[in-house]
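S.K.: Sharing a structure here in structure tokens format.
The values are calculated or read from the model by the stated rules, or taken from the named source; none is laboratory data. Quantities reported herein were computed from a predicted structural model and do not represent experimental measurements. Virtual Cβ from ideal backbone geometry, glycine too; neighbours counted across all protein chains shown.
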């Protein structure tokens with residue numbers, strides 16, 4: 001996950017459209033996961049119903065489309081480190097939603113429930129600290145020359161931590177909703193590979209609509225060469241979407257929603 005933050009931030013700073021990145025990421029994920037789903041789930045895949053289809057559409061809208069467009073835009077306004085730290089609020093949101101929906105039980109007399117509550121307070125507090133407190137810049141060996149590089153125009157978006165934090169936080173709320181809905185969907189459609197392929201496919205379609213609107217009149221935004229833009233799409237598509245959604249589904253079925261978030 002940390003590798004995705006770094007690679008993606010570099011691609012965005014080099015001028016890649018965050019909206020186009022969302023599309024390419026899930027096109028790659030669909031191409032990789034769909035063949036495995038067709039082969040390994042062909043004998044166990046339940047019948048597709050309208051209810052399941054609508055849930056997959058909503059899953060594709062929540063995480064691949066809304067969350068990642070906000071997430072990448074927020075990353076443009078901040079840094080990879082800041083984005084990584086802000087994502088720690090995800091378990092807190094998911095825990096609160098799971099508790100409100102009675103998916104997660106809370107008993108204040110039990111240690112594991114107390115730990116979850118303390119963890120929620122700590123993660124939200126840490127995110128607030130990262131957002132509101134601006135410390136001195138660390139002059140590390142690998143950051144030398146960054147200011148000069150930024151002044152020449154390689155970083156195309158002005159830094160705005162508050163705006164970036166709001167976008168990332170909103171994205172995390174959508175991500176938490178996605179996790180809850182994924183757990184619910186797996187109960188009626190318990191085929192992780194097929195569900196992952198469906199989510200990635202719907203994410204690519206819905207993301208294409210958003211990208212077409214946001215990048216209208218700018219066809220060059222869709223161009224990708226043998227550079228960090230292509231690496232960001234392939235790495236995030238294969239590791240973070242394709243494998244990520246699949247492994248997330250496996251963990252949910254065995255350990256529960258909140259364990260998956262913390263993991």
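S.K.: Is there a residue in segment 223-230 that is at pLDDT 90 or above, part of a helix (DSSP H, G or I) and closer than 28 Å to residue 46 by Cα?
M.R.: no
S.K.: Taking segment 213-226, which residues are crowded, with 17+ Cβ neighbours inside 10 Å and out of contact with any helix residue (DSSP H, G or I) (no Cβ under 6 Å at 6 or more places or on another chain)?
M.R.: Hits for segment 213-226: nothing passes.
S.K.: Which numbered condition in (1) more than 21 Å from residue 74 (Cβ to Cβ); (2) at pLDDT 90 or above; (3) part of a helix (DSSP H, G or I) is the only one that residue 210 fails?
M.R.: The single condition residue 210 does not satisfy is (1).
Here's the yes/no breakdown for (1) surrounded by 14 or more Cβ atoms within 10 Å (Cβ to Cβ); (2) on the phi > 0 side of the Ramachandran plot; (3) without any contact (Cβ under 8 Å) to a residue 60 or more places away in the chain:
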| residue | (1), (2), (3) |
| --- | --- |
| 175 | yes, no, no |
| 180 | yes, no, no |
| 188 | no, no, no |
| 199 | yes, no, no |
| 211 | yes, no, no |
| 228 | yes, no, no |
| 231 | yes, no, no |
| 240 | yes, no, no |
| 247 | yes, no, yes |
